[in-house]
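Here's the structure we're looking at; comments come further down.
The values are calculated or read from the model by the stated rules, or taken from the named source; none is laboratory data. Everything quoted here is computed from the prediction, not taken from an experiment. For neighbour counting, all protein chains shown are included, and Cβ atoms are generated from backbone atoms with ideal geometry for every residue, glycine included. Accessible surface areas use protein heavy atoms only, side chains included; no ligands, DNA or RNA. Shrake-Rupley method; radii C 1.70, N 1.55, O 1.52, S 1.80 Å.
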Amino acid sequence: MELKMKNPIGNLNKVFDSRIRMGVMSILLMNEGVNFNDLKQLLEVTDGNLASHLINLEENAYIKVHKGFIGRKTNTTYSITKMGEKAFKEHIDGLENIIKGMK
């Protein structure tokens, strides 16, 4: 028996296996900068859960962290890097190819 498809997951990025990291990247791709609380609220996750996923994305250089102040209160915002945008778009293309292959 000959298989009609090459490795369907070959173009997927393991960093984006998490639905939370997928959500973060999707939000940051569509918005220039998003603060921690807005990400937390949009994704409906806890502080600790979101923080660990943001660290993973930052360590992979897919997002950039911007720390600042609003008045006396700290404000941390996140944005997607060029490398992150490229990697995420390649991941989405890989998912689309899997879906197309199933039709």
Report summary line: Treating only Lys and Arg (+1) and Asp and Glu (-1) as charged, each at its beta carbon, one finds that the range 24-84 has a dipole about its Cα centre, in Debye to the nearest 20, of 260
Query raised in the report: If one takes the longest principal axis of the Cα atoms in the chain, at what angle in degrees, from 0 to 90 and to the nearest 10, does the Cα axis of helix 19-30 lie?
Result: 70
Requested in this report: Measure out, as a whole number of angstrom, how far apart the alpha-carbon centroids of the range 14-51 and the range 55-81 sit.
Outcome: 12
Query raised in the report: So how do MET83, MET30 rank on accessible area, 1.4 Å probe, biggest first, that is with the largest at the start?
Result: MET30, MET83
Query raised in the report: Lys/Arg Cβ at +1, Asp/Glu Cβ at -1, dipole of the range 20-82 taken about the Cα centre: which of MET30, ASN75, LEU50 is farthest positive-ward?
Result: ASN75
Query raised in the report: Relative to the present Cα-Cα distance, how much length would full extension add between ASN31 and LYS82 at 0.36 nm per residue of separation?
Result: 17.0 nm
Query raised in the report: Where does each of 35-45, 55-65 land if you order them by average Cβ count within 10 Å, highest first?
Result: 55-65, 35-45
Query raised in the report: How far is helix 47-59 tilted off the main Cα axis of the chain, in degrees rounded to 10, range 0 to 90?
Result: 70
Requested in this report: At 1.4 Å probe size, with every protein chain present, just tell me what the per residue accessible area of the chain comes to in Å².
Outcome: 73
Report summary line: With +1 at each Lys and Arg Cβ and -1 at each Asp and Glu Cβ, the charge dipole magnitude of the chain around its Cα centre, to the nearest 20 debye, comes out at 80
Requested in this report: Would you mind computing the Rg to Rh ratio of the chain from its alpha-carbon coordinates, Kirkwood style for Rh?
Outcome: 1.09
Report summary line: On the accessible surface of the chain, probed at 1.4 Å with all protein chains in place, carbon and sulfur together account for a percent value of 54
